Amino acid sequence: MGESKCSRRLGEKPGWQVHRRQLRSPAAMTHVVPSTLPSAGPSTRVCFFFNAQRHQLLHGISTAVELARRPGFEAHVWSPSEDHIAYAREAADRLGGAPITYSAVTPAFLRAACRLAGAAVPPKVLSLGLLAHRLNQFDAIAVPERTSILLRRLGATAPLYVHLDHGAGDRAAGFDPRIRDFDLVLMAGEKHRSRMAREGLIHPGRHAVVGYPKFDAADAMRDPAWRPFADTRPTVLYNPHFSDLGSWEAFGEPLLRAFAAQDRYNLIVAPHVRMLDGKVRRARWRALTETYRDCPHIHIDTGSDRCIDMTYTTLADVYVGDVSSQVYEFLRTPRPCVFLDPRGVDWTRDENYAHWRFGPVVRSPGLLIEAMDYAVAAHWRYLDAQIQGFEETFSPATAEASACAAEAIAGFLTQRPRDRTISRLAAPDLRRAPAQVVTARIRPSPRPH
C-alpha cells in the first residue's frame, strides 16, 4: 500500500506505521499508512447530522462525499430541514457525486415549530429529543456543532461522536468545554490543536488536524463570476457577528450612513446568517435594505447563500468585522482588514482577539472611512501577521482537507471496537499529558485573483 497523502497521528495502534515529526517544523512531514479497510462484512454507517443553520453544511458535506466513496463505509446526511437536504445534494453533485443516503427528518411537530418561528430549522434540543432513538442506529454521528452531544444523554449511546471543525476563529466560544465529550475531534490547524490541548478538550489518539474542508465545499458551490457592482471601485465587506461581542448595534447604521455619503468605496453588508434567522430578524433587515435601495454602491445581503459560500470574502478588497472566524477565510488571499471595537476591549494580549492584529482597530463610528483609507495604505504593516495567522490556523497540505478528514474518520472507526466502549472511558488530563496530534497536509487551493 502506498503512503497516505494525509499525514497524521492517531496514536500508536496496531496496523498503523507512524513517523513522528516536530509539530512546529514546517518542512517536516508525518506519514501514516492505514491497515487495509474491511472489504467484506457490514459497512460502518456514519451519519452527518446538520441540526443548525445552512452555513454549517459547508463544514461537513465535502467530508461526507469523500467518506461515502470509501469501501466499507456508508455516509448518511440527515437534517430536520428539507431545504438543507436539497442544498447538501447540490453540493455533493458539484463535488463530483457520491453514494450518500439523504434524509429530511421532519416529523410534523418539528415542521410546526419551524413554521411558527419562521426559522431555518426547529429548536435544536427539540429535534435531538425527537430523533435520538432513530440516530442510535448509526456507528458514528458527525456534527459541526456541540449541542448534538446531548444525543448521548437522550438515549443515542451506541454511536461514536465526531466533532467537525466549524470555523477556525479565536473566540472562546470555539473552545467549548463540550468538545471534550466527543470521541474524535477534527481541527483545521495547529492553532486550534495547541489551544484545545492546553484546555484539556482533546485526547491522545482521538483528534486530527486535517485542514479546512469548507474550502473544498465553498469552492464547488459559489459562482466565481458573480459581482454585485458594475464599477471597479474598491469593495469593502462588512461582516458583523451575531454574538454579544459583535459590532452591529453600535456600528451598523453609522457605517451604512458613512458609506452612503461617500463615493470612493463600494460596500457589501453580509451579516452572519444567525442574524437573519427568524421572521422578526428578517423583517428588520428587509426594512434596512429598503432604506438604502437607491444607493448603487451599497449591497445588503438578507440571507442568500452568498453569505455562506465565501462569495463575499473572496471578491472583497477590504474586510470590516469584529469576532467572526470568516476573517481567516478572507485571508486566504491577504488583504486589508479593519476591526470594530464598541466596548473598548483590552485585546492586545487576549488570544480571543488574536485576529485583531491583522489591521487597525476602530472604537469610534466617526473614524470609519478614515480607517478604510489607513488599512489600504498601510496594509504592508499587517501583511506578515496576516500570513503567519493564516498558516497557524490552517494546516498546509498535499491533499484536499475533505479527503484527509474522511481518512481520519475512517481510520479512527476502523481501529475502535464495535462495542463502542471508548465513548464511556474517562478522559485523560491533557494539560499534563504529552499531546499527540493527527496532522494532515492539504493541497492549498488556488488563490483567487
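The values are calculated or read from the model by the stated rules, or taken from the named source; none is laboratory data. Predicted model only: the values in this text are computed from it and were never measured. Positions of Cβ are backbone-derived with ideal geometry, glycine not excepted, and every protein chain shown enters the neighbour counts.
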Residues of the stretch 197-221 being buried (at least 19 other Cβ atoms within 10 Å of the Cβ) and over 18 Å from Ala405 (Cα atoms), in sequence order, are Ala197, Leu201, Met221
Can you spot a residue in the stretch 197-207 that is in contact (Cβ under 8 Å) with a residue 12 or more places away in the chain and assigned to a helix (DSSP H, G or I)?
yes
Of (1) of a type in the set (A, V, I, L, M, F, W, C); (2) buried (at least 18 other Cβ atoms within 10 Å of the Cβ); (3) touching a helix residue (DSSP H, G or I) at 6+ places or on another chain (Cβ under 6 Å), Ala408 fails just (3)
Grab the strands (runs of 3 or more DSSP E) fully contained in the stretch 262-341, keeping just those with 2 or more residues being in contact with a Phe, Trp or Tyr (Cβ under 8 Å, 6 or more places away or on another chain), surrounded by fewer than 22 Cβ atoms within 10 Å (Cβ to Cβ) and assigned by TED's automatic domain parsing to the domain that holds Ala371.
298-300
Of all residues in the stretch 291-331, which are of a type in the set (Asp, Glu), modelled with pLDDT of 95 or more and within 25 Å of Ala377 (Cα to Cα)?
Asp317, Glu329
Whichever residue in the stretch 100-122 is in a loop (DSSP other than H, G, I, E, B) and surrounded by fewer than 16 Cβ atoms within 10 Å (Cβ to Cβ) and, among such residues, is modelled with the highest pLDDT
Pro107
Among the residues in the stretch 39-46, are any surrounded by fewer than 20 Cβ atoms within 10 Å (Cβ to Cβ), more than 17 Å from Ala399 (Cβ to Cβ) and at pLDDT 95 or above?
yes
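Which count do you get for residues in the stretch 85-99 that are outside any loop (DSSP other than H, G, I, E, B) and without any contact (Cβ under 8 Å) to a residue 40 or more places away in the chain?
6
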Can you give me the number of residues within the stretch 42-55 that are in contact (Cβ under 8 Å) with a residue 12 or more places away in the chain and over 21 Å from Val185 (Cβ atoms)?
3
If we keep only residues of the stretch 56-72 that are closer than 14 Å to His163 by Cα and touching a strand residue (DSSP E or B) at 6+ places or on another chain (Cβ under 9 Å), then the residue modelled with the lowest pLDDT is Gln56
Which of (1) within 20 Å of Val323 (Cβ to Cβ); (2) in the same structural domain as Val338 (by TED's automatic domain parsing); (3) in a loop (DSSP other than H, G, I, E, B) is the odd one out, the single condition Arg233 does not satisfy?
(1)
Residue pairs within 8 Å by beta carbon, gap of at least six or interchain, first lying in the stretch 56-84 and assigned by TED's automatic domain parsing to the domain that holds His272 and farther than 19 Å from Phe215 by Cα, second surrounded by fewer than 24 Cβ atoms within 10 Å (Cβ to Cβ) and charged (D, E, K, R), listed first then second, are none
Hits in the stretch 220-244 - residues which are closer than 18 Å to Tyr319 by Cβ and not hydrophobic (A, V, I, L, M, F, W, C)
Arg222, Arg227, Pro228, Arg233, Pro234, Thr235, Tyr238, Asn239, Pro240, His241, Ser243
Residue in the stretch 61-78 that is within 21 Å of Arg306 (Cα to Cα), in a loop (DSSP other than H, G, I, E, B) and touching a helix residue (DSSP H, G or I) at 6+ places or on another chain (Cβ under 9 Å) present
no
Condition set of a type outside the set (Val, Ile, Thr) and assigned to a strand (DSSP E or B), scope the stretch 140-155, selection surrounded by the most Cβ atoms within 10 Å (Cβ to Cβ): answer is Ala142
